Every structure is written in structure tokens, then in C-alpha cells.
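Student: Here's a structure for you.
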Amino acid sequence: MSRQKKFILQEKDIPTQWYNIQADMVNKPLPPLNPATRQPLQAEDLAHIFNLECSRQELDQEHAWIDIPEEVLDKYKYYRSTPLVRAYELEKALDTPAHIYFKNESTNPLGSHKVNSAIPQCYYCKQEGVTNVTTETGAGQWGAALSYAARIYGLEAAVYQVKISLQQKPYRSFIMRTFGATVEGSPSMSTRAGKDIITREPHHPGSLGTAISEAIELATTTPNCKYTLGSVLNHVALHQTIIGLEAEKQMEMAGEYPDKVIACFGGGSNFGGIAFPFMRHNIKDGRHTEFIAAEPNSCPKLTRGKFEYDFGDEAGYTPLLPMYTLGHDFKPANIHAGGLRYHGAGVIISQLIKDGMMYGVDIPQLETFAAGMLFARTEGIIPAPESCHAIAATIREAQKCKESGEQKVILFNLSGHGLLDMTAYDAYINGDLTNYTVSDEEIEQNLKAVPGMQ
Ligand SMILES: *Cc1c(COP(=O)(O)O)cnc(C)c1O
């Protein structure tokens, strides 16, 4: 009997609405606060730096379904639907009775899920008369996605990339420039914030904190310029639900429903994207799917952080957000999964963890690369170092099934490919990578900087 390997939706069957889980949550997320007054922010407050529609979506606790604009759907069709794939070879290698499926978000030309939100963010900017967009990027996945989306809607994009990342992994900056974006290593001399940092510390390697300050400064001092963010915020996870909504239809084609849904976790966008549509059936229809977010053990906000109001960025420029946090100036070890080196969890996810709707697992770097190697050698796809965390968590679950003899259905999100991260694989193969840990004392120390803890 011939078995089906992958499940693909026709263009006409691609979902036409995003799912806003906030509307269905029993306990709603707490509001973001103005750090000076401690008053809840309104959409108009956020719209000083973000476009108005995303600012509204951010705080929308009313509408469970939000129409995807026609013009966005047209662009989604350049690379969606993405395949849902049954990982037969991985199952065989693990000798597990579990059925393992993955949603392959690495198949678009930018190589990660981030473009799913870059496109609508740039579309709304265009609609509102914005001409310029700006952002920060670490390893460059978000900068690359935004540069592409800005190009298709005719916007100018300025990306501040963490200087040390730009020097060590320049290829994604070449992608950004190919699409016409300008890329500055941060700290740069192009903003007051950057100049101040360089004056104080001429060889500052840069961080997401320095890059955020520069991008926000540019957005607030340039007419018709908006800031954009590739993770953490509610509207970003909203746009990413296209992943889970497609997967729901595709699992139906496969005749199965997931017992466990797994994704890696940086700020929560790819996790929310695949998880929220399935979680609605736990909330509304009494399903018992387990939701597992895989984080690096060197940046363990879900498993060891505290639920507090904290800043979203290192420099303390953003509103205060109610989140599981390690403290906004926590400095994660230099692991290769750059996209997971973030101190806090998004606001929705933080509430869902508090309510026991999902949980985190923390995984050491070497285990993630061992998982990525096994996946590459069985399924033929080299995963992004971030996605390796999801694979490692999946393997743990599949091994539990082997021990118990249970035939669980596991679905994980392959958030991106690792073809621009091959130096990391080379280092792993050469035995040059290490595990990092973080002590309780270090976490306690960092939490002292959290405003809510003072
Ligand atoms: C950015 C990124 C992540 C982490 O971000 P989330 O918002 O947590 O999804 C994970 N995987 C890849 C490939 C990324 O580019």
C-alpha cells in the first residue's frame, strides 16, 4: 500500500481569517502599561510607533476571527500552503509507535516563518500612508523577511542588525540588501542612541537592546516611518496562526488529530502560530491536546522565569508587559539559536502558562544539535538551530511513547531551515560546541532589575 508522505492544501483552501485566541481565553491577558504612569495603554498610544491596525489587533480581546486582507492572501499564495509532512524516517530511526508530523515553514524563499507577519505588517503600513519601516534583527531572519515584504509593497526599509551578528553571519544582510533595504550594524553612527553608545564604548558588539533603541529612534524622528517587530507581540502571533489553521485542515486530510503540539520558543510567534488554532478546541470542545514550548536551557524564561511586568527590551524603551521574564537585561549565552535568545515570553503565552494551558521544556544546546543531525539524516532537511529545539522535544516525547507503547500523534513546527547556519553544524561536528547553564543566583540577580519586583 502506498502511504502518503505530505499533505498540501490547494490555494482555494488556504484559510482566509486569522485566529485571535484572546477572544476565547477564559482569563484575558493583562494590559501593557505606560512605564511612567502605570496606566494601561490604548491602541492610540501604541500607534505612535506601530501602524494603527496592528495596534488595534494587539489589544483586541473581542473578535476571535480577523479577515486576512485580499492583498495579503495574494502574497501568501507565493509560498503557501506549506506542506504538512509525516516524518516516517524519523519514526523508524527512533523505533517509536508515535506518529510524527511536522509543518514545514522553511519552504519559502526567506527560509523561516517570519514572513507570515512581515507581509501583513507592511501591507497595513502601506494602507495607512506609511512610506518607511524600520526594525532590529539579530541573526537576520526577521530583517530578511521584513526587507522582502517592504519591497513588495514599495516601502523603504532600514534594518539595524546587531553588529557582532552582522560581522559573524553576514549572509542574511546580503539578502536584505538584495531586496533594497539599508542595513546598519548596531550600534551605528546614524542615530543619537547609537552615537551615545559608541562614544561610551567604541567597540560595543551590539545587542538587540541597542538595535531596538536605534530603530525606535528612527521611527519616532522620521515622518511616515513605523517600527515593526517580528515576535513577542500579540499581533505577530495572530498573523502566524495561518500555520496552525492550515495544519488543522491538513491533519484532517491525514485522518488524525494531534495529542501533542510542539514548537521552539523565542518570543512565542511560531509557537502561538501552530498552537493557538488547536488550543481553541481544548478551550471550547473539551479536547486534551498537550502544548509544549521548547526553550534553550541557557535562556529558561518559561521554566524558571517569574511572571511580572517587565520591559520588552534591554534598554527599557518599550511599554511594561506582563510576562514570564528573566529580567530585561538578562544576557543569554551565545548559543547558535539566536532567535531564542530573548529574556521574556509574549503576553498571551505568559497568561496561558499561568493558567496551565501549556508548558515549557528547556533543552541544552548539544541535545538540540544531536536532534537536528538526526532529522537531517532521516528527513533530508537541515533545520534552523532554533527549530532543532522543537525536534529535540519531539524526540523526547517519541521516546516516551516507545517506553509506554502508546501510539500518540505528535505535531511539531519546523520554523526554518539552517542553510545559513552551517558554521554552527560544522562546529557541532568538530566537537567545538558546548552546553551552557545558568545558575539560580544569576536568575535571581537579574530579576532585581524588573520594575514589578522593586
Ligand atoms: C525568529 C525565529 C524563531 C523564534 O521566534 P518565535 O517568535 O519564538 O517564533 C524560531 N525559529 C526561527 C527559524 C526563527 O527565525
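The values are calculated or read from the model by the stated rules, or taken from the named source; none is laboratory data. Small disclaimer: the values here were computed from a predicted structure and weren't measured. Cβ: placed from backbone, ideal geometry, glycine included. Neighbour counts: every protein chain shown.
Student: What is the one condition in (1) in contact with a His (Cβ under 7 Å, 6 or more places away or on another chain); (2) assigned to a helix (DSSP H, G or I); (3) over 24 Å from Trp142 (Cβ atoms); (4) among the aliphatic types (A, V, I, L, M) that Ala398 does not satisfy?
Tutor: Single failed check for Ala398: (1).
Student: Further question: Mind listing just one residue for me: the one in the stretch 253-281 that is among the charged types (D, E, K, R) and within 21 Å of Ala398 (Cα to Cα) and, of those, surrounded by the most Cβ atoms within 10 Å (Cβ to Cβ)? If you could, list the steps in order and put the result at the bottom.
Tutor: Quick first cut of the stretch 253-281, residues among the charged types (D, E, K, R) only: 256, 259-260, 280.
Still in the running and within 21 Å of Ala398 (Cα to Cα): 256, 259-260.
Numbers: Glu256: 14, Asp259: 19, Lys260: 22.
Going through the qualifying residues, I end up with Lys260.
Student: Hey, another quick one. Yes or no: the stretch 401-414 includes at least one residue that is at pLDDT 95 or above, assigned to a loop (DSSP other than H, G, I, E, B) and in contact with a Ser or Thr (Cβ under 6 Å, 6 or more places away or on another chain).
Tutor: Residues of the stretch 401-414 that are at pLDDT 95 or above, as a first pass: 401-414.
Then keep just the ones that are assigned to a loop (DSSP other than H, G, I, E, B); that gives 405-408.
From what is left, the residues that are in contact with a Ser or Thr (Cβ under 6 Å, 6 or more places away or on another chain) are none.
No: zero hits.
Student: Shifting gears a bit: Quick check: anything in the stretch 350-359 among the hydroxyl-bearing types (Ser, Thr, Tyr), away from the ligand (no atom under 14 Å from the Cβ) and in contact (Cβ under 8 Å) with a residue 12 or more places away in the chain? Outline the logic, then answer.
Tutor: Here is the first cut: in the stretch 350-359, the ones among the hydroxyl-bearing types (Ser, Thr, Tyr) are 350, 359.
From what's left, away from the ligand (no atom under 14 Å from the Cβ): 359.
Checking which are in contact (Cβ under 8 Å) with a residue 12 or more places away in the chain leaves us with 359.
Yes.
Results for (1) within 16 Å of Leu321 (Cβ to Cβ); (2) surrounded by 14 or more Cβ atoms within 10 Å (Cβ to Cβ); (3) modelled with pLDDT under 95, shown as yes or no for each residue.
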| residue | (1), (2), (3) |
| --- | --- |
| Asn20 | no, yes, no |
| Lys28 | yes, no, no |
| Leu46 | yes, yes, yes |
| Ile49 | yes, yes, yes |
| Glu58 | yes, yes, no |
| Ile66 | no, yes, no |
| Glu70 | no, no, no |
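Student: Right, another one. Residues that are in contact with a Phe, Trp or Tyr (Cβ under 6 Å, 6 or more places away or on another chain) and surrounded by fewer than 24 Cβ atoms within 10 Å (Cβ to Cβ): list the strands (runs of 3 or more DSSP E) wholly contained in the stretch 305-363 that include at least 1 such residues.
Tutor: Numbers: elements: 306-311, 320-325, 359-363.
Qualifying strands (runs of 3 or more DSSP E): 306-311, 320-325.
Student: Follow-up question, since we're still on this one. Filter the stretch 226-276 down to the residues that are out of contact with any Phe, Trp or Tyr (no Cβ under 7 Å at 6 or more places or on another chain), part of a loop (DSSP other than H, G, I, E, B) and more than 8 Å from the ligand (Cβ to nearest atom) and list them by number.
Tutor: Listed by number, the residues that qualify are Thr228, Leu229, Leu233, Gly255, Glu256, Tyr257, Asp259.
Student: Output the qualifying pairs, or none if there are none: Cβ atoms under 8 angstrom, residues six or more apart or on different chains, first residue in the stretch 401-430 and more than 27 Å from Phe291 (Cβ to Cβ), second residue away from the ligand (no atom under 16 Å from the Cβ) and in a loop (DSSP other than H, G, I, E, B).
Tutor: Matching pairs, first to second residue: Ala424/Leu433; Ala427/Leu433.
Student: Just to be sure before I move on: is Glu44 among the charged types (D, E, K, R), more than 27 Å from Tyr78 (Cβ to Cβ) and in a helix (DSSP H, G or I) in the structure I sent?
Tutor: So Glu44 passes the test.
Student: Does Ala93 satisfy the criteria of being in contact (Cβ under 8 Å) with a residue 60 or more places away in the chain, over 19 Å from the mean Cα position of the chain (by Cα), crowded, with 23+ Cβ neighbours inside 10 Å and over 30 Å from Thr222 (Cα atoms)? Even if it seems obvious, please write down each step before you answer.
Tutor: On the way: in contact (Cβ under 8 Å) with a residue 60 or more places away in the chain: yes; over 19 Å from the mean Cα position of the chain (by Cα): yes; crowded, with 23+ Cβ neighbours inside 10 Å: no; over 30 Å from Thr222 (Cα atoms): yes.
No; evaluated as a whole, the condition is false for this residue.
Student: Tally up the residues in the stretch 149-181 that are closer than 25 Å to Glu71 by Cβ, over 20 Å from the mean Cα position of the chain (by Cα) and free of Cβ contacts under 8 Å to residues at least 40 places away in the same chain, please. Even if it seems obvious, please write down each step before you answer.
Tutor: From the stretch 149-181, those closer than 25 Å to Glu71 by Cβ are 149-159, 175-176, 178-181; that's our starting set.
Among the residues that remain, those that are also over 20 Å from the mean Cα position of the chain (by Cα) are: 151-158, 178-181.
After this cut, where a residue has to be free of Cβ contacts under 8 Å to residues at least 40 places away in the same chain as well, the list is 151, 153-157, 178-181.
So the answer is 10.
Student: So which residues in the stretch 281-304 are of a type in the set (D, E, K, R), touching a Gly at 6+ places or on another chain (Cβ under 7 Å) and assigned to a helix (DSSP H, G or I), if there are any at all?
Tutor: Here is the first cut: in the stretch 281-304, the ones of a type in the set (D, E, K, R) are 284-285, 287, 290, 295, 301, 304.
Filter once more, so that each one left must be touching a Gly at 6+ places or on another chain (Cβ under 7 Å): 295, 301.
Selection gives Lys301 alone.
Student: Let me ask something additional. Please go through (1) modelled with pLDDT of 95 or more; (2) small (Gly, Ala, Ser); (3) within 9 Å of the ligand (Cβ to nearest atom) for Gly143 and return the number of the only condition it doesn't satisfy.
Tutor: (3)
Student: Further, regarding this structure: Can you spot a residue in the stretch 99-122 that is more than 16 Å from the ligand (Cβ to nearest atom), among the β-branched types (Val, Ile, Thr), within 20 Å of Gly272 (Cα to Cα) and touching a residue at least 24 places away in the same chain (Cβ under 8 Å)? Walk me through it before giving the result.
Tutor: At the first step, the residues of the stretch 99-122 found to be more than 16 Å from the ligand (Cβ to nearest atom) are 99-101, 122.
Add one more test, that the residue is among the β-branched types (Val, Ile, Thr), and what stays is 100.
Checking the rest, the ones that are also within 20 Å of Gly272 (Cα to Cα) come to 100.
Next, from what is left, pick out any that are touching a residue at least 24 places away in the same chain (Cβ under 8 Å): 100.
Scanning the stretch 99-122 turns up at least one residue that is more than 16 Å from the ligand (Cβ to nearest atom), among the β-branched types (Val, Ile, Thr), within 20 Å of Gly272 (Cα to Cα) and touching a residue at least 24 places away in the same chain (Cβ under 8 Å).
Student: Any idea which residue in the stretch 216-249 is surrounded by the fewest Cβ atoms within 10 Å (Cβ to Cβ), counting only those that are among the hydroxyl-bearing types (Ser, Thr, Tyr) and within 24 Å of Pro187 (Cα to Cα)?
Tutor: The initial filter retains those residues of the stretch 216-249 that are among the hydroxyl-bearing types (Ser, Thr, Tyr), namely 220-222, 227-228, 231, 241.
So of that shortlist, the ones also within 24 Å of Pro187 (Cα to Cα) come out as 220-222, 227-228, 231.
Values: Thr220: 13, Thr221: 10, Thr222: 14, Tyr227: 20, Thr228: 30, Ser231: 23.
Only one residue fits best here, namely Thr221.
Student: Please name all residue pairs, on different chains or six or more residues apart, with Cβ atoms under 8 Å, provided the first residue is in the stretch 194-208 and is farther than 15 Å from Tyr160 by Cα and the second residue is exposed (fewer than 11 other Cβ atoms within 10 Å of the Cβ).
Tutor: Once the first residue is farther than 15 Å from Tyr160 by Cα and sits in the stretch 194-208, no partner that is exposed (fewer than 11 other Cβ atoms within 10 Å of the Cβ) comes close enough.
Student: Please pick out the residue among Glu379, Glu386, Glu406 that is within 26 Å of Pro109 (Cβ to Cβ) and more than 12 Å from the ligand (Cβ to nearest atom). Quick ask: steps written out before the conclusion?
Tutor: Numbers: Glu386 fails: more than 12 Å from the ligand (Cβ to nearest atom); Glu406 fails: within 26 Å of Pro109 (Cβ to Cβ).
Of Glu379, Glu386, Glu406, the one residue that is within 26 Å of Pro109 (Cβ to Cβ) and more than 12 Å from the ligand (Cβ to nearest atom) is Glu379.
Student: Out of the stretch 415-445, which residues are more than 17 Å from Asn334 (Cα to Cα) and part of a helix (DSSP H, G or I)?
Tutor: Ile429, Asp440, Glu441, Glu444, Gln445
Student: Further, regarding this structure: Go through Ile292, Ile283 for me and flag whichever is away from the ligand (no atom under 16 Å from the Cβ), under 30 Å from Lys408 (Cα atoms) and modelled with pLDDT of 95 or more.
Tutor: Numbers: Ile292 fails: away from the ligand (no atom under 16 Å from the Cβ).
Criteria check complete, one pass: Ile283.
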